[in-house]
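Below: the structure, in structure tokens.
Please treat every number below as a calculation from the coordinates, not as lab data. Remember, it's a predicted structure, so these values are computed and weren't measured experimentally. Because the Cβ atoms are built from the backbone with ideal geometry, glycine has one as well, and the counts that use them run over all protein chains shown.
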Amino acid sequence: MSTLNGIRSHDFDRYLEPVHGADAQALLDLQRAAFLKEARPDHDQRKARLALLRAAVLAYRSEVEEAISADFGHRSRHETGIMELVGVIQAIDYLTRNLRRFMRRERRHVGFIYRSGRAYVEYQPKGVVGVMAPWNYPFSLTFIPLATALAAGNRVMLKPSELTPRTSDLIRRMLADSFPPEEVAVVIGGPDVGAAFSALAFDHLFFTGSTQVGRKVMKAASENLVPVTLELGGKSPVVVARGHVDDRTMSSIVFGKLANAGQMCVAPDYALIHEHDREEFVTQYKATVARFYPDGPASEDYTSIVSDRHYDRLTLLVEDARHKGANVIAAGLKPERATGKPRTFPPTLIVGARDDMMVMREEIFGPILPVRTYRTMDEAIDYVNRRPRPLALYYFGARDAECEGLLERTTSGNVGINNTIMHVAQDDLPFGGVGSSGMGAYHGLEGFRAMSHAKGVFIQGRWSFARLLHAPFGRLANLALSATLGKAHARATDYSSKASL
Ligand code: NAD
């Protein structure tokens, strides 16, 4: 009977039950031992793992939709399909299509004196990757990092969120059906388990969640010098150029703000509108919300807030703004029908939001949109730059000097021009934050590389100038030095006492 680091293969059955924090170290040992023992997965093996993952997603599609809806209180099948399942399938297909190219060795330049040697970069699997996920898109934010890590040839341990327990348990069962625990395993638990998980000596740790927890995770990972990718949150602004409050702009903003009831890391957090357009913006926002959700918050397509605690926090944000003098406007139709579904928070505009209001001080993560006005684009740029660097920045307007100025003078994880959130669906673009909105990126080639070790290899040729530079130094060493450092250097340096070669 084979043993992997002391764990006999028939013990694997025990990983079909939920694994909690204490067993996570044993799982890591198991995966690392398997990684070290077996050859690195080749192209076909990785492709086969991606195919297994794809098949599992399609086989469990309805269960995923049901579990997420039950965890949230309500979320429509369409929304889960569009915002999670399609994204996962697209990511798997993208990785599968590009895998051979991503895995290819990369030839690198060799300096003159090292010719006829060869240099290349090998993108090697790192080993065991830990993935920690949040609750807001509990499926795609687990499965896209998982697919990326598998494409890069790694083994993966996942820690989904405790706030979506049905989905987390479903993910555990799905993956246990498709992969042995030494390849992919799921650890279940809340913040305590998260803390223990982030302290494990992974070969890479990929965390998606809040900036606050991201700090703790990075600190824990630093104890073992584990490299991290941090996909965090923050306040993503939407800037509308003067005169560009139109149907296209409003549809896009309402879509980005109210998908998943605003519980999205890249949702437009607040709007910067030219002062002359403010009334028009408010009128059109209300009309567009009414068009999207004709039954108001009771609409089948409108998502619930994930927990009472999150619902109460949103209520507090609105009450704080109202108390401090903002104009709070209910933007949807029939708000009284919200009671038909659990925790339905109506779409809300906060006009005249100020910096001392909580709604402008923390990430909103709900269907509340504060509106601020600006007089010049410089003022809008300064406002963005006075705050932590956002995960996304959105601009609506012409592709003119104002737009270029905004792009040039602000730094954000990503940018959307005349759209919101669509950059996330571009598989070939890196997705990630900067500063307090994150570190590193995934999607695209960047994701594959984040989970690979770029190992530089130099192969010495049969003959090389470099061999002439060994001691005892002489004329050839002089020649090489003056060729590299210039004649002036050779003149200034007295090598003449050396014997000629
Ligand atoms: P969170 O930080 O509370 O939790 C994320 C994960 O960390 C969960 O698995 C949780 O169990 C774990 N965790 C909680 N406390 C921990 C601790 N002390 N130590 C270690 N792990 C711990 O985030 P959340 O509330 O689940 O998600 C919302 C946040 O995630 C928002 O800030 C949002 O912007 C961000 N987010 C970012 C992205 C992105 O791609 N950049 C995507 C979705 C959500």
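A few points about this structure:
- DSSP beta bridges in the stretch 236-432 [antiparallel fraction, %, rounded to 5]: 15 percent
- Using θ = phi - 60° and Karplus 6.51 cos²θ - 1.76 cosθ + 1.60, couplings along the stretch 201-211 (whole Hz; Gly, Pro as x): 7, 5, 8, 7, 10, 10, 10, 10, x, 6, 4
- Computed E for Q212/R105 - FRET, C-beta separation, R0 35 angstrom, nearest 0.05: 0.30
- Dimensions (Å) - the stretch 236-432, Cα atoms, principal axes, largest first: 48, 41, 29
- Degrees, to the nearest 10: 86-103 long Cα axis against longest axis of the chain: 10 degrees
- Close amide H partners of H453, meaning residues 5 or more places away or on another chain with modelled amide H under 5 Å apart, are Q124, K126.
- Summary value for the chain: 17 percent relative contact order, contacts being C-alpha pairs under 8 angstrom separated by 6+ residues.
- About the centre of its Cα atoms, the chain shows a dipole size close to 2440 debye [charges on the beta carbon of Lys, Arg (+1) and Asp, Glu (-1) only; nearest 20 debye].
- 3J(HN,Hα) along the stretch 392-397: 9, 10, 10, 10, 10, x Hz, from the Karplus curve 6.51 cos²θ - 1.76 cosθ + 1.60 with θ = phi - 60°, whole Hz, x for Gly and Pro.
- Remark on L369: its backbone amide H falls under 5 Å from those of T348, L349, I350, a criterion applied only to residues 5 or more positions apart or on other chains, H modelled at 1.01 Å from N.
- Dipole magnitude (debye, nearest 20) for the stretch 236-432, charges at Cβ of Lys, Arg, Asp, Glu: 460 debye
- 5 angstrom amide H check on G416, placed H, neighbours 5+ away: L393, Y394, Y395
- Percent RCO, i.e. relative contact order, over the stretch 399-441, from Cα pairs under 8 Å lying at least 6 residues apart: 30 percent
- Over the chain: helical MRE at 222 nm, DSSP H runs n ≥ 4 each giving -39500 (n - 2.57), nearest 500: -12500 deg cm²/dmol
- Peptides 454-466, 228-240, ordered by how many other C-beta atoms sit within 10 Å of their residues on average, highest first, read 228-240, 454-466.
- Cross-link partners of K334 among lysines, defined as those whose alpha carbon lies under 20 angstrom from its own and excluding same-chain residues fewer than eight positions apart: K257, K286.
- Under the Karplus curve 6.51 cos²θ - 1.76 cosθ + 1.60, θ = phi - 60°, whole-Hz ³J(HN,Hα) for the stretch 258-264, x wherever Gly or Pro sits: 9, 4, 6, 6, x, 8, 9
- What separates the Cα centres of the stretch 65-139 and the stretch 229-284 is a distance of 28 Å.
- With 29 Å as the limit on Cα-Cα distance, the pairs of K47/K235; K159/K324; K126/K216; K37/K216 that go past it are K47/K235; K159/K324; K37/K216.
- Stretchable slack from A70 to T315, in nm (0.36 nm times residue separation minus alpha-carbon distance): 86.0 nm
- Annotation: aspartates and glutamates with alpha-carbon distance below 17 angstrom to K455 (same-chain offsets under eight excluded): D42, E106, E122, D203, E446.
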